[in-house]
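The values are calculated or read from the model by the stated rules, or taken from the named source; none is laboratory data. Remember, it's a predicted structure, so these values are computed and weren't measured experimentally. Cβ: placed from backbone, ideal geometry, glycine included. Neighbour counts: every protein chain shown.
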Amino acid sequence: MNENVLQQMEQASAYLRRRISDAGHAMPRVAVVLGSGLGDVADSFEKPCIVPYAEIPHFPHSTVPGHAGRMIFGSVQAVPVALLQGRVHGYEGYSADEIVLPIRVLGALGVTQAILTNAAGSMRRDLTPGSLVALSDHINLTGTNPCTGPNDARLGPRFFDMTHAYSKRLRQLAVHTAAEQGWQMREGVYLSVPGPSFETPAEIRFFQTVGADMVGMSTVLEVIAARHMGIEVLALSCITNLAAGIGEAELSHTEVMETGVRVSAQLTTLLAELLPKMSALQQ
């Protein structure tokens with residue numbers, strides 16, 4: 001971890017505290033990070049306070065279509081929530097510290113629970129495009145870790161457990177809430193690669209062999225940083241395509257975006273019921 005990270009985190013969180021306070025909002029305890037094509041969820045916020053990433057000290061700026069690059073504060077069913085409309089990735093040229101800075105800033109604001117969403121390719125026939133899948137575990141093949149380097153104990157311990165990286169109780173809550181809404185949420189293991197090229201069929205066969213169900217280019221570093229700070233994590237993948245060699249079609253970001261937009265309404269409905277239930281667990 002870069003030695004300047006703590007200072008950057010404190011300056012960014014101080015700025016956001018002022019913006020939240022000036023807008024008359026309570027400090028969020030729950031946060032949501034939206035992946036490719038899922039930005040429409042923000043439309044459900046009550047009295048949103050919108051802060052472009054470009055206005056936040058030290059915040060990285062997304063260069064990928066489908067990532068608006070805005071932090072939004074507001075309420076969902078009277079629950080104060082922080083929403084990150086877009087993220088940055090290693091393939092854009094960002095370091096691990098830059099990728100996870102938004103998560104660390106959320107932790108500094110007092111967030112104790114986070115829902116991370118992403119777009120992913122499926123390596124299982126039962127995880128079809130348009131499905132929302134709860135992550136039960138991950139495999140990190142990005143080649144990096146955001147906690148590499150000097151450790152600051154104010155963020156978390158030098159060595160920390162990842163056995164329960166994805167909260168079982170939040171996962172069960174999400175599955176139960178989906179069932180109440182009349183649809184089945186499955187679970188799976190997410191494998192993260194650096195990108196930006198999509199995977200080859202041979203790589204997909206290898207990923208299946210080591211136990212992965214979905215593949216994508218984000219989320220895992222954010223989860224590591226969140227767990228380092230003690231933030232409880234629920235992660236949801238929007239299946240946007242069948243991985244290379246599983247389906248016949250060539251892969252494209254356009255397909256990812258189109259499927260994400262189609263699923264946004266379902267995700268919005270899910271979050272409207274899920275966020276108050278998560279907040280109630282904190283009381």
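Couple of notes before you dig in:
- Residue that is surrounded by the fewest Cβ atoms within 10 Å (Cβ to Cβ), among those in segment 84-122 that are free of Cβ contacts under 8 Å to residues at least 60 places away in the same chain and assigned to a strand (DSSP E or B): GLN85
- Count of segment 157-182 residues which are among the hydrophobic types (A, V, I, L, M, F, W, C), surrounded by 12 or more Cβ atoms within 10 Å (Cβ to Cβ) and in a loop (DSSP other than H, G, I, E, B): 3
- In segment 234-246, the residues that are touching a residue at least 40 places away in the same chain (Cβ under 8 Å) and within 14 Å of PRO201 (Cα to Cα) form Cβ pairs under 7 Å with partners that are hydrophobic (A, V, I, L, M, F, W, C) and part of a strand (DSSP E or B), at six or more places apart or across chains, as follows: ALA243/VAL215.
- The residue of segment 121-161 that is modelled with the lowest pLDDT, among those that are within 27 Å of MET185 (Cα to Cα) and among the charged types (D, E, K, R), is ARG125.
- Residues that are polar (S, T, N, Q) and surrounded by 22 or more Cβ atoms within 10 Å (Cβ to Cβ), drawn from segment 184-199: SER192
- Considering the conditions (1) free of Cβ contacts under 8 Å to residues at least 60 places away in the same chain; (2) over 15 Å from GLY230 (Cβ atoms); (3) surrounded by fewer than 18 Cβ atoms within 10 Å (Cβ to Cβ); (4) of a type in the set (D, E, K, R), ARG125 is excluded by exactly one of them, (1).
- So GLY211, is it modelled with pLDDT of 95 or more, under 17 Å from the mean Cα position of the chain (by Cα) and surrounded by fewer than 17 Cβ atoms within 10 Å (Cβ to Cβ): no
- All positions within segment 42-67 that are of a type outside the set (S, T, N, Q), in a loop (DSSP other than H, G, I, E, B) and at pLDDT 80 or above: ILE56, PRO57, HIS58, PHE59, PRO60, HIS61
- In this entry, PHE198 is excluded by the filter for residues that are out of contact with any Cys (no Cβ under 9 Å at 6 or more places or on another chain) and modelled with pLDDT of 95 or more.
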